[in-house]
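Can you read through this structure? Questions will come right after.
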Amino acid sequence: MKQYTVSRAERIMIAIIGGGPGGLTLARILHVHGIDSVVFERDASGDARSQGSMLDLHTDTGQAALQAAGLEREFLAAARGEGQDLRMLDHTGTMLLQEDTPDDAPMLRPEIDRADLRDILLSSLPAHTVRWGSAFTHAEGNLLYFADGSTATCDLLVGADGANSRVRPLLTDVEPTYSGKVVVQSSIRDADRTQPELAEMVGRGNYWAFGPDRMLGAQRNGNGVVQVSVSIYGPSDLDPAAATDLPDEWAPQFRRLLAACDEPFVVRPAYLLPIGMTWPRRSGVTLLGDAAHLMPSHGEGANQSMRDAAELAQAIAAHPDDLDAALEQYEPAMFERTAKVAESSAEVAKMMSGPDAAKKVLAFFS
Ligand SMILES: Cc1cc2nc3c(=O)[nH]c(=O)nc-3n(C[C@H](O)[C@H](O)[C@H](O)COP(=O)(O)OP(=O)(O)OC[C@H]3O[C@@H](n4cnc5c(N)ncnc54)[C@H](O)[C@@H]3O)c2cc1C
């Protein structure tokens, strides 16, 4: 039986579980409004694990949140406008669409490395805002329990702890279900030097090749890495080779791209929450980001998470002495906005799969 230090539970006004894009944005905007919070993050430190690939942040969501956080300048310095480039092909290697971003193009959806975004947010917070190595396990009333045996009490608990949220069960029994699709991922390090021909083929941004039963994607990151992935329907424990052994009709350049990857391919099954999921209001607890609305990963998840954070921070700042009123301002609007976005993300997911995906996506972009 684990021993908890309940008698010495620390008192906190706003406890945020999870230091992803949503949780850190919330802590930062609260700080801008002079409100302290504590972020409990299970990672042992800011560089405990690779943050993965790029995020494209949109003007009305991710970028608007960074504006509210007073971090627009830092974002623009780290963002890559050329990351908006897109090359779209079919599996025979025929180029269907090539969009290169002019140098003076507006930064509508620039890409930023996840690690850079995390660094910008972390360095904008007062020291000790983030408690590393603090995995939240459960709560009893307003008493929070962590895996290291520590406890804390809070006035408002915010679950920003992603797809497998441990806070979500306090509000609903609904759990994410497997979408049927996996993304099988690896990467090429220092691609310009080690694989110049493939690096040139992928270009400065996104490279998508659509085949009858799978999509191959490659994406240029800011640090010379090219991320490579294959999205395919199959069991959640699919053997990666079933995705990366391309059928004969695929052009050889795609096989070369997969063969050049440095790391073993990792299978990431995609889980989803039901579109339009809500929960009955509960005083002192709420959710944001993937914890609240896990949707297909088509460029909206982090953006919506950061917008949730901005709206929740603004609601708390408007009602610092009445957190129920803050939730009344935040939750219904968040439910309505994210249900619509989840609906359109599901449509994009449908469009990007199936034997005529290339045709449908091309028509969409045209
Ligand atoms: C391949 C891929 C590509 C994507 N591309 C994009 C894109 O281009 N644009 C976009 O907007 N979205 C994109 N997304 C979606 C995006 O990554 C997520 O929607 C986003 O990260 C959600 O942010 P979050 O802060 O809500 O949760 P997360 O980023 O999942 O952060 C949750 C944090 O909580 C911590 N945590 C979890 N459990 C606990 C616990 N019990 N105690 C303490 N800490 C805990 C985790 O360690 C993590 O740091 C993509 C997703 C995938 C899979």
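Here, each number is a calculation from the coordinates, and none is a lab measurement. Model, not experiment: these values are computed from the prediction. No Cβ is skipped: glycine too gets one built from the backbone with ideal geometry, and neighbour counts run over all protein chains shown.
Could you list which residues have their amide H under 5 Å from that of R268, counting only those 5 or more apart in sequence or on another chain, with H placed in the peptide plane?
Hits under the 5 Å cutoff: V183, V184, Q185.
Rounded to the nearest 5, what is the percent of antiparallel bridges among the DSSP beta bridges in the range 1-158? Intermediate values should be presented prior to the final figure.
On the way: 15 of 26 bridges.
Close to 60 percent.
Counting only trypsin sites (Lys or Arg not before Pro) that are in a DSSP loop and have at most 12 other C-beta atoms within 10 Å, tell me the longest site-free stretch of the chain. All intermediate terms of the calculation are to be shown ahead of the outcome.
Values: sites that count: K2, R49.
Value returned for the longest uninterrupted segment is 50-366.
Which value does Rg/Rh take for the range 177-272 over its C-alpha atoms, Rh per Kirkwood? List each step's numbers first, then the result.
Details: Rg = 13.1 Å, Rh = 13.6 Å.
We get a ratio of 0.97 for the range 177-272.
Give me the Kirkwood hydrodynamic radius of the chain, using the inverse of the mean 1/r over all pairs of distinct Cα atoms, in Å to one decimal. Please report the intermediate quantities before stating the final value.
Working: mean 1/r = 0.0463 Å⁻¹.
Kirkwood hydrodynamic radius for the chain: 21.6 Å.
Let me ask you something else. Contact order normalised by length for the chain, with contacts defined as Cα pairs under 8 Å and 6 or more residues apart; what percent is it? Walk me through the numbers before you get to the answer.
Values: 741 pairs, mean separation 79.3, N = 366.
The normalised contact order for the chain reaches 22 percent.
Relative contact order, percent, of the range 177-272 when contacts are C-alpha pairs under 8 Å separated by at least 6 residues? If you can, show how the numbers build up before the last one.
Values: 180 pairs, mean separation 42.3, N = 96.
Across the range 177-272, relative contact order equals 44 percent.
Next question, about the same structure. If a paramagnetic tag sat 7 Å from the Cα of H298 along the Cα-Cβ line, which residues of the range 212-246 would have the backbone N under 19 Å from that point?
212-219, 229-234
Rounded to whole Å, give me the distance from the Cα center of the range 106-182 to that of the range 38-85.
If you average the Cα positions of each part, the centres end up 15 Å apart.
Whole number please: convex hull volume per residue, Cα atoms of the range 39-115, in Å³. Intermediate results must be reported in sequence, preceding the final value.
Numbers: hull volume 10.9 nm³, N = 77.
Measuring per residue, one finds 141 Å³ for the Cα hull of the range 39-115.
Here is a follow-up. Nearest 5 percent is fine: what portion of the DSSP beta bridges confined to the chain is antiparallel? Don't skip to the answer; put the middle values down first.
Numbers: 41 of 61 bridges.
For the chain, the DSSP antiparallel bridge percentage is about 65.
Between T172 and M95, 0.36 nm times their residue separation minus their Cα-Cα distance comes to what? All intermediate terms of the calculation are to be shown ahead of the outcome.
On the way: separation 77, 0.36 × 77 = 27.72 nm, distance 4.63 nm.
Stretched fully, the T172-M95 segment lengthens by 23.1 nm.
May I pose another question? What is the total of Lys pairs in the chain with C-alpha atoms under 22 Å apart, excluding same-chain pairs fewer than 8 positions apart?
On the way: K181/K340; K181/K350; K181/K359; K181/K360; K340/K350; K340/K360; K350/K359; K350/K360.
So the count works out to 8.
Where both partners of a DSSP beta bridge lie in the range 87-230, what percent of those bridges are antiparallel, to the nearest 5? Don't jump to the answer; show the numbers that get you there.
Details: 25 of 29 bridges.
That works out to approximately 85 percent antiparallel.
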